[in-house]
1. Which order do the peptides 32-38, 63-69 take when ranked by the mean count of other beta-carbon atoms within 10 Å per residue, highest first?
2. M215: accessible area at probe 1.4 Å, nearest 10 Å²?
3. If the chain were replaced by its equivalent ellipsoid, with semi-axes equal to the square roots of 5 times the Cα gyration tensor eigenvalues, what would those be, largest first, whole Å?
4. Which percent of the accessible area of the chain is formed by carbon and sulfur heavy atoms (probe 1.4 angstrom)?
5. Quick one: work out Rg over Rh on the C-alpha atoms of the range 110-260, Rh as Kirkwood radius.
6. Pull out the extension gain between I229 and M251, defined as 0.36 nm times the separation in residues minus the alpha carbon to alpha carbon distance; nm, one decimal.
7. I'm a student and want to see the number: the projected area of the Cα convex hull of the range 30-177, averaged over all directions, in nm².
8. Quick check for you: with a 1.4 Å probe and neighbouring chains kept, what is the accessible area per residue of the chain, in Å²?
Amino acid sequence: MSEEDPDLPREADGDSLPFLTLVPNMVTTLGLCAGLTAIRFIMSGQFLIAVWLVLFAIVVDGLDGLIARRLKATSDFGAQLDSLSDFLNFGVTPGFLVYQMALAPGERSGGWIFVLVYVVCCCMRLARFNVAQSRAALNGDTKPAGHFTGVPAPAGALMALLPAFLAFETGIDVSAWPTLIELYIGAVGLLMVSRLPTFSPKSIRVPRERIAWVMVGLALVTGIMLAEIWRALIAIVLLYAASLLHSAGMMLLNRRRGRP
C-alpha cells in the first residue's frame with residue numbers, strides 16, 4: 001500500500017483532488033521558481049533581471065494566500081510551502097543580491113557577516129510568524145491582528161533592495177559605500193525580528209462613499225509605478241521607513257505612560 005501525506009488536501013471519497021485546490025500551491029511554486037531563477041541571474045551579474053524577479057515573487061506572495069482563502073483551499077502543506085518559499089525569495093535572494101552587487105567587489109570580512117544577519121533574521125521572523133499562526137488556530141482566534149509584529153518578510157526584502165533601487169535610478173556605484181550598506185542590511189534584519197508593531201493592510205477599512213476615490217488612487221499609483229518604477233519604489237521604502245519611526249516613537253511614548 002502507498003502512503004499518503006496527511007497534510008495534503010484530499011477528498012473524502014476517491015484518490016483525486018479538484019484542480020482548484022492545487023492552484024494556491026501552484027502559485028506559491030511559481031514564486032519559488034522566480035526566486036531561484038533570480039539567484040541564477042545574480043550569479044551571472046544580471047542584477048536588474050534578478051530584482052524584477054524578486055518583485056514578481058512579492059506580488060505572487062500577496063496572491064497565493066488570498067487565492068487559497070477565496071477557494072477555501074488552505075492547508076498545512078500550503079502554509080509550510082509558502083513559508084519556505086518566502087525564506088528563499090525574501091531572505092536568501094535579496095541578501096545574496098546585495099552582497100554580490102554592493103559588497104563583493106570590495107570584499108571585506110564584515111560584508112558577508114551582515115548579510116548572514118539579515119538572512120538569519122528573516123528565517124527567525126518567518127518561524128515566529130508560523131508559531132503565532134499555529135497558536136492562534138489552536139486558541140480559535142481567527143480575527144486578523146491590526147498590525148504585524150516586526151517588519152514582515154516581503155517588506156523586509158523591499159527595504160533590503162533599496163541600494164539596488166538607488167543604483168538603477170541614479171546610476172551610483174553602491175559598492176563604493178560598503179560600510180553603509182553593511183549597517184543598513186543588518187538593521188533591516190534586526191527590524192524583522194523586533195517587537196515593533198508595523199503596518200498591516202488587513203487593518204485598513206474603506207468607507208463605502210470613498211471606494212471610488214480608492215480606485216482613482218490605485219490608477220494613479222499604477223501609472224506612477226509604470227512610468228517611474230525605481231523612483232516610486234524608493235519613495236515607498238522611505239515612506240515605510242517613516243512609518244516605522246512613527247511606530248517606534250508611539251511605542252516608546254506608551255511605555256513611558258505605562259501602557260502595554
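The values are calculated or read from the model by the stated rules, or taken from the named source; none is laboratory data. Model, not experiment: these values are computed from the prediction. Here Cβ is always computed from backbone atoms with ideal geometry, including for glycine, and neighbour counts include all displayed protein chains. Quick note on the areas: whole protein, heavy atoms, side chains included, nothing else; ligands and nucleic acids left out. Shrake-Rupley method; radii C 1.70, N 1.55, O 1.52, S 1.80 Å.
1. Values: 32-38: 20.4, 63-69: 16.0.
Ranked by mean Cβ neighbours within 10 Å, highest first: 32-38, 63-69.
2. Here the residue's solvent-accessible area equals roughly 110 Å².
3. On the way: eigenvalues 194, 122, 86 Å².
Largest first, the chain gives 31, 25, 21 Å.
4. Details: 10600 of 15890 Å².
Roughly 67 percent of what the probe reaches on the chain is carbon or sulfur.
5. Details: Rg = 18.0 Å, Rh = 17.7 Å.
That ratio is 1.02, to two decimals.
6. Details: separation 22, 0.36 × 22 = 7.92 nm, distance 3.28 nm.
Stretched fully, the I229-M251 segment lengthens by 4.6 nm.
7. Working: hull surface 38.5 nm².
Orientation-averaged projected area of the Cα hull: 9.6 nm².
8. Details: 15890 Å² over 260 residues.
Value for the chain: 61 Å² per residue.
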